Amino acid sequence: MPIPTYEDAMLPVMKTLADGEPRHRRALSDMMADHFNLTADEREKLLPSGNAPVIRSRTGWALSYLKQAAVVTSPRRGWYALTDRGQKILTSNPPRVDSKFLEQFPEFMEFRARSKPESDDEAVSVASRAGESSTLGIAPDEALEEAYARLRAELETELLDMVRTTTPRFFEQLVIDLLVRMGYGGSREEAARAVGRSGDGGIDGVIDEDRLGLDVIYVQAKRWENSVGRPEIQKFAGALQGQRAKKGIFITTSHFTKDAEEYAQRIESRIVLIDGRRLAALMFDADVGVSTRGLYTVKSIDGDYFDET
């Protein structure tokens, strides 16, 4: 039979994990190949980029979407297990689990909202738009842009999950790498000397705003799961005054309360708040913790070439 789509693999993946035993993504990929009776050629068929087998990619996407809907969880990197929600779904014996089915869960709809451009029609999926653009009146380049938006949102979500599982020491280095990639602190060695450890699971220190060191920025980072409230921002603002500093960056892997955001906007010191989602987006843009898997060049007709006048 043909290689299953990632949606075709969702329910079989759930049933495979129903025994409660966590399994690695690659093992699940092999089990899906067995489940769908794939031939040797189908098992070895690679993506156009040549980076991975198609069945492994589609199994990975099935796991990723199920994770967004809190149907599966990842107890450690690369390993997956069925959640209580997933077990409950199986007891109802659904004939199929796909993206439409997952829309009943708020976590999945929140993910969809983050990854969908404002002009998109919610009823049209990436796959249908990419494959049936002429029928639906959607330009292929629009389908490509939506697919990219979804890929980015998915990657940023996984990136933040990985950041939250790092050690305090690694998180320190991650923040230094990000700031240097963004142009702060001069060289990495200079930044590493400028930023000192606080011992509280994050970093606290100062870093040069530019390569010449014309100004400094006070930095505080919290690898937290709970929200950061106004009291923490007030302490940070007080620390800025104590350093006679006017600029600060507060980074957290969680999020800020509304009171914290409003307070940061009202005070005289300039404090930039970076929550977990923005942190992941900045890492994506600065190529920190991510690598380029493939490049696709979108071309258009060069009208000047065909101008005979």
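Pull up the range 57-114, narrow it to residues that are surrounded by 21 or more Cβ atoms within 10 Å (Cβ to Cβ) and among the β-branched types (Val, Ile, Thr), then point me to the one that is nearest to residue 11 (Cα to Cα).
97
Of everything in the range 281-298 that's hydrophobic (A, V, I, L, M, F, W, C) and loosely packed, with under 13 Cβ neighbours inside 10 Å, which residue is nearest to the chain's Cα centre (by Cα)?
295
Taking the conditions exactly as written (in a helix (DSSP H, G or I), in contact with a helix residue (DSSP H, G or I) (Cβ under 7 Å, 6 or more places away or on another chain) and at pLDDT below 80), does residue 153 satisfy them or not?
When the stated conditions are applied, residue 153 does not pass them.
How many residues are charged (D, E, K, R) and in contact with a Leu (Cβ under 7 Å, 6 or more places away or on another chain) if we restrict to the range 71-112?
So the count comes out to 1.
This table checks each residue for (1) under 30 Å from residue 147 (Cα atoms); (2) of a type in the set (Phe, Trp, Tyr); (3) in contact with a Cys (Cβ under 8 Å, 6 or more places away or on another chain); (4) open to solvent by less than 20 Å² (accessible area, probe 1.4 Å).
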site	(1), (2), (3), (4)
215	no, no, no, no
224	no, yes, no, no
230	no, no, no, no
245	no, no, no, yes
250	no, yes, no, yes
262	no, no, no, no
269	no, no, no, yes
273	yes, no, no, no
279	yes, no, no, yes
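Do any residues in the range 298-309 that are touching a residue at least 40 places away in the same chain (Cβ under 8 Å) have Cβ atoms under 8 Å from those of residues that are of a type outside the set (A, V, I, L, M) and surrounded by 10 or more Cβ atoms within 10 Å (Cβ to Cβ), where the two are at least six apart or on different chains, and which pairs are they?
So the pair list comes out as 298/141.
Given the conditions (1) touching a helix residue (DSSP H, G or I) at 6+ places or on another chain (Cβ under 6 Å); (2) open to solvent by 40 Å² or more (accessible area, probe 1.4 Å); (3) at pLDDT 80 or above; (4) over 19 Å from residue 275 (Cβ atoms), and given that residue 188 satisfies all but one, which numbered condition is not satisfied?
The number of the failed condition is (3).
Give me the strands (runs of 3 or more DSSP E) completely within the range 193-309, filtered to those with at least 1 residues that are at pLDDT 85 or above, ordered by residue number.
Qualifying strands (runs of 3 or more DSSP E): 216-222, 247-252, 270-274.
Cβ-Cβ below 7 Å, separation at least six or inter-chain, first residue in the range 32-54 and surrounded by fewer than 17 Cβ atoms within 10 Å (Cβ to Cβ), second among the charged types (D, E, K, R) and not in a helix (DSSP H, G or I): which pairs?
Note: pairs meeting the criteria are 49/293; 51/293.
The values are calculated or read from the model by the stated rules, or taken from the named source; none is laboratory data. It should be emphasised that the depicted structure is a prediction, and the values quoted were computed from it without experimental measurement. Reconstructed Cβ throughout: ideal geometry from the backbone, glycine too, with neighbour counts over all protein chains shown. Remember, those area values only see protein heavy atoms, side chains included, never the ligands or the DNA or RNA. Shrake-Rupley method; radii C 1.70, N 1.55, O 1.52, S 1.80 Å.
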